[in-house]
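S.K.: I have a structure I would like to understand better, so I am pasting it below and will then ask my questions one at a time.
Values quoted throughout were computed directly from the atomic coordinates according to the rules given, and no laboratory measurement underlies them. Just so it is clear, the structure is predicted and the values come from calculations on it, not from any experiment. Note that each Cβ is placed from the backbone with ideal geometry, even for glycine, and that neighbours are counted across all protein chains shown.
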Amino acid sequence: MSVLADMVRNIVALMLIAALLELILPEGVTVKFVRWAIGLMMAASIISSLSGMDLDWNSLSLPEDNGQAAQYIAEGTELASGLESEAVEQYQLELARQMESMAQLAEGVQAAQASVQLDESGLLLSAKIHISAEDDAAAERVQQLLSGFYLLDSSVIEVVAEVNTDV
């Protein structure tokens with residue numbers, strides 16, 4: 001019978017704590033997390049009461065560090081660096097593809113091929129677009145279109161036009 005009394009006492013205490021925290025904390029993600037944490041503690045309290053274990057919340061601690069933490073941090077840093085460089089490479093390819101598509105939207109442009117240079121953090125250093133166009137003014141139109149869309153200085157974008165008079 002004492003197991004049942006302890007379980008009811010623990011649940012009531014946790015419900016009081018949950019109600020108090022919900023009154024104190026503002027609405028949002030924090031309240032959802034507190035509800036989740038209180039629910040988890042209630043479940044642990046019920047399970048420990050039923051199994052006969054005495055769960056002491058103050059004695060819970062992390063295991064001792066046996067020297068592997070530095071290794072894990074180094075491996076994580078190396079993995080993050082590799083993933084970041086892959087993301088910058090993918091961004092570079094997609095940005096070049098997008099610039100090619102935008103250049104082809106300009107009047108008189110028949111084909112476009114773009115290459116971009118980014119720094120290690122992914123900022124655009126320069127862009128070079130080769131276009132096949134009907135007239136010389138197409139290069140200026142492409143440069144204005146791209147610098148206006150990406151909010152870049154026109155000196156960052158270089159447009160090289162090959163004029164086709166066969167069209």
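S.K.: Return the long-range amide H neighbours of GLN110 (sequence gap of 5 or more, or a different chain), with a cut-off of under 5 Å between placed amide H atoms.
M.R.: When sequence neighbours closer than 5 places are left aside, the close amide H contacts are SER132, ALA133, GLU134.
S.K.: Starting from the amide H of LEU118, placed 1.01 Å from N in the peptide plane, find each other amide H under 5 Å away whose residue is 5 or more places distant or on another chain.
M.R.: LEU125
S.K.: Contact order normalised by length for the chain, with contacts defined as Cα pairs under 8 Å and 6 or more residues apart; what percent is it? Please list the in-between numbers first.
M.R.: Numbers: 169 pairs, mean separation 23.4, N = 167.
Rounded, it is 14 percent for the chain.
S.K.: Another question, then. One quarter of the convex hull surface, Cα atoms only: what value does that give for the chain in nm²?
M.R.: 17.9 nm²
S.K.: Given the -39500 (n - 2.57) contribution per DSSP H run of 4+ residues, what per-residue ellipticity at 222 nm results for the chain, rounded to the nearest 500 deg cm²/dmol? Let's see the in-between values first.
M.R.: On the way: 4 runs with 98 residues, N = 167.
Computed mean residue ellipticity for the chain: -20500 deg cm²/dmol.
S.K.: Whole-Hz Karplus ³J(HN,Hα) for the stretch 68-81, in order, using 6.51 cos²θ - 1.76 cosθ + 1.60 and θ = phi - 60°, x for Gly and Pro?
M.R.: Result, ordered by residue: 7, 4, 4, 5, 5, 5, 5, 5, x, 5, 5, 5, 4, 5 Hz.
S.K.: So how long is each side of the stretch 86-167 along the principal axes, counting just the alpha-carbon atoms, biggest first, in Å?
M.R.: 42, 22, 16
S.K.: Would you mind checking which residues have amide H under 5 Å from GLU158's amide H? H placed 1.01 Å from N; only 5 or more apart, or other chain.
M.R.: Amide H to amide H, under 5 Å and 5 or more residues apart or across chains, GLU158 pairs with ALA127, LYS128, ILE129.
S.K.: Residue by residue through the stretch 97-110, which ³J(HN,Hα) values in whole Hz follow from phi under the Karplus form 6.51 cos²θ - 1.76 cosθ + 1.60 (θ = phi - 60°), with glycine and proline marked x?
M.R.: Using θ = phi - 60°, the values come out as 5, 5, 5, 4, 5, 5, 5, 5, 6, 5, 5, x, 8, 9 Hz.
S.K.: Are there any GluC sites (Glu not before Pro) in the stretch 70-166 that are in a DSSP loop and have at most 14 other Cβ atoms within 10 Å? List them by number.
M.R.: Taking the stretch 70-166 and a limit of 14 other Cβ atoms within 10 Å, the loop GluC sites (Glu not before Pro) found are GLU107, GLU120.
S.K.: Continuing with the same structure: Between helix 29-51 and the chain, what is the angle of the helix's C-alpha long axis to the longest principal axis, kept within 0 to 90° and rounded to the nearest 10?
M.R.: Rounded to the nearest ten degrees, it is 40.
S.K.: Moving to a separate point now. Of the beta bridges DSSP finds with both residues in the chain, what % are antiparallel, to the nearest 5?
M.R.: 55 percent
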